[in-house]
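Let me begin by presenting the structure, written as C-alpha cells, before commenting on it.
Since every read-out is calculated from the coordinates, none of them should be taken as a lab result. None of the values given here were measured: they were computed from a predicted structure. Every residue, glycine among them, receives a Cβ derived from its backbone with ideal geometry; neighbour counts consider all protein chains shown.
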Amino acid sequence: MKNIIKLALPTFLLLSSSALYATNGDLMIGQGAKSRAMGGVGVAKSFGADSALANPALITSVRHSEVTGSLTFFMPDVEFGANDFDSRASGSDLSFIPEFAYARSVGDFALGIQASGVAGMGVDYDGLTGKANDNGAFDMQTELQLFKIAIPLAVEFYPNMSVGVAPVVEIGSLQMNYMTPSGASDNPQSNSSALGYEIGVAYDDGTYAIGAVYKSEIELSYSNNISQAVSDFGLASITSGDTLTQPSEYGVGISYRYHRNTLSADYRLIAWSDAKGYADFGWKDQDVFALGYEYKFEKASLRLGFNYSESPIVEQNGNTYDGAAKNFFNLAGFPGIVEQHYTAGFGYNFRKDLEFNGALIYAPQVKESYNISGMSGALGFPTPAEADVAHSQLGVTLAVSYKFL
C-alpha cells in the first residue's frame, strides 16, 4: 500500500497543479464524464467502473470487464477585495484533474480499482500586496488537493440486489502562504494520507433502481500550514492544529428508465460540522440535490443535469477579531461558495467495445460579503470593513472507455 501511495502522489500533484476545483464545498459533484454530465448523480444510476467512488455496489453492472480514463479541465473565476481595496482576480484559474477506473465481474462478484482527484480548493493573489492593484488579500496563496484510490468489491446476493464495499486511501496536499508583518511566509507543501471506506447497496430491476451509500470521514494532517497560519494571524480559538478531516457523507438515490430515457435523482448529506478544521472555521452541514437525464440513441447518448447545494460557509461575528479572521480566511483562501451547477454532455460508441464521453459543467457566479471589522481595526485599517468574493466555475471532462467483451 505504501508503494501505491508513493507512486500515486507525484503523478497526482503533477496533473492536479494550480488546484481550485471546489463545487459542493471542496468536493467534486461527481466522478467521471457520465456522472458530471447528469448533475453528479450516481447513487442509484450505474456508470460501470466509474461507480466505485459513487456507490461501490453498482460495479456489478459491469459485464466481463471495462476500463475508463478521463481528464477534467477546470476553470474557476475568483475575485476578492477587502476594506477599500479593489477586487482582483485569483491567478489560480486552471486545473487538470485525472481519473482512472477499472472493474471486472466474476460470476455474481465484481471487483475493481478507481483512482481520482475528488476535491480541492485554492487561490493565488501573490504579488498584489503593497502595489497599486492590492486587493487586501495579504498575497494569499492556498492550494488544497485531494486524491482517492478505492478498491471496491461487490456482490449480487439476490436477484437485482447488490452490496459493495470499498477500502479507500485518500492522499492530500496542502500549502498556505501569505504576507505577515515580518514579510512573506514560507510554509512548505505538506502531504498526508489516511485510510477510509465506503459502503453501498443497490436494487435495479431494469426499470427502477434505488441505492444508498455511506462514506467514512478521513482525517488528514498537514504539518506547518494550518497551525502556522493560525499562529501568524492570532486565531486563538482554532484547536485542531494541522488536522483537516474530509467529512463523512450519506447518500440515497433513485433512477427510472423508460425506453431510451433515464431520469435519476440523488440526495447527499456532507457532514462538514463534524469535520475537524472545517468545523473550526464555521462550516455547516451541506444538503446536496442532484438531478440528471439521459437519452440514448442507437450509438450516442445525450445527458443533462442540475446540482444544488447551499454554501457550507457561515459568516462569523466579524465585530470580534476571531470571527473577522475566520471570515477573511474563508473568503480569501477557501471560497467554496458556489451553489448551482448546470451540466450537459454526450457519449458516442465508436464500436461495441469503445466509447467516448464528454461533460460540461457551469456554476454561475455567487457573491458573498462578510464583516471583517474586528480584524481590520486591529491591523489599523478603517472600520467598518468587509471582505468581498465572487466565484464562478466552468469545467470540461473528456473520457474514453474500453469494454473487454
Charge dipole magnitude, Cβ of K and R +1, D and E -1 - the chain, Cα centre, debye nearest 20
1620
What is the sum of charges around residue 261, taking Lys and Arg as +1, Asp and Glu as -1, for the other residues whose C-beta is under 12 Å from the C-beta of residue 261?
+3
Which whole-number percent gives the relative contact order of the range 154-266, counting Cα pairs below 8 Å spaced six or more residues apart?
23
Under the Karplus curve 6.51 cos²θ - 1.76 cosθ + 1.60, θ = phi - 60°, whole-Hz ³J(HN,Hα) for the range 307-314, x wherever Gly or Pro sits:
9, 9, 8, 5, 3, x, 7, 10
Name the longest site-free stretch of the chain, where the excluded sites are trypsin sites (Lys or Arg not before Pro) in a DSSP loop with no more than 10 other beta-carbon atoms within 10 Å.
132-351
Say we join alpha carbon atoms closer than 10 Å with springs in a Gaussian network model of the chain; which of 231, 92, 301 then has the biggest fluctuation?
231
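Taking every eigenvalue of the Cα gyration tensor of the chain, multiplying by 5 and rooting it, what semi-axes result, largest first, whole Å?
Each semi-axis is the square root of five times an eigenvalue, giving 39, 20, 18 Å.
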In degrees, nearest 10, range 0 to 90: what is the angle between the Cα axis of helix 321-333 and the longest Cα principal axis of the chain?
50
If I build a Gaussian network model for the chain, linking alpha-carbon pairs within less than 10 angstrom, which residue out of 182, 65, 216 has the largest mean-square fluctuation?
182
Excluding residues fewer than 8 positions from residue 34 in its own chain, the lysines with Cα under 22 Å of it are 45, 148, 215, 296, 299, 352, 403
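Could you work out the relative contact order of the range 2-404, using alpha carbon pairs under 8 angstrom and six or more residues apart, expressed as a whole percent?
Relative contact order of the range 2-404: 19 percent.
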Once you list every other residue whose beta carbon is under 15 Å from the beta carbon of residue 212, what net charge do they have if Lys and Arg are +1 and Asp and Glu are -1?
-1
Rounded to the nearest 10 degrees, what's the angle between the helix 2-15 long axis and the longest principal axis of the chain, both from Cα atoms, 0 to 90?
70
Gaussian network model of the chain, Cα within-10 Å springs - most flexible of 314, 123, 168:
314
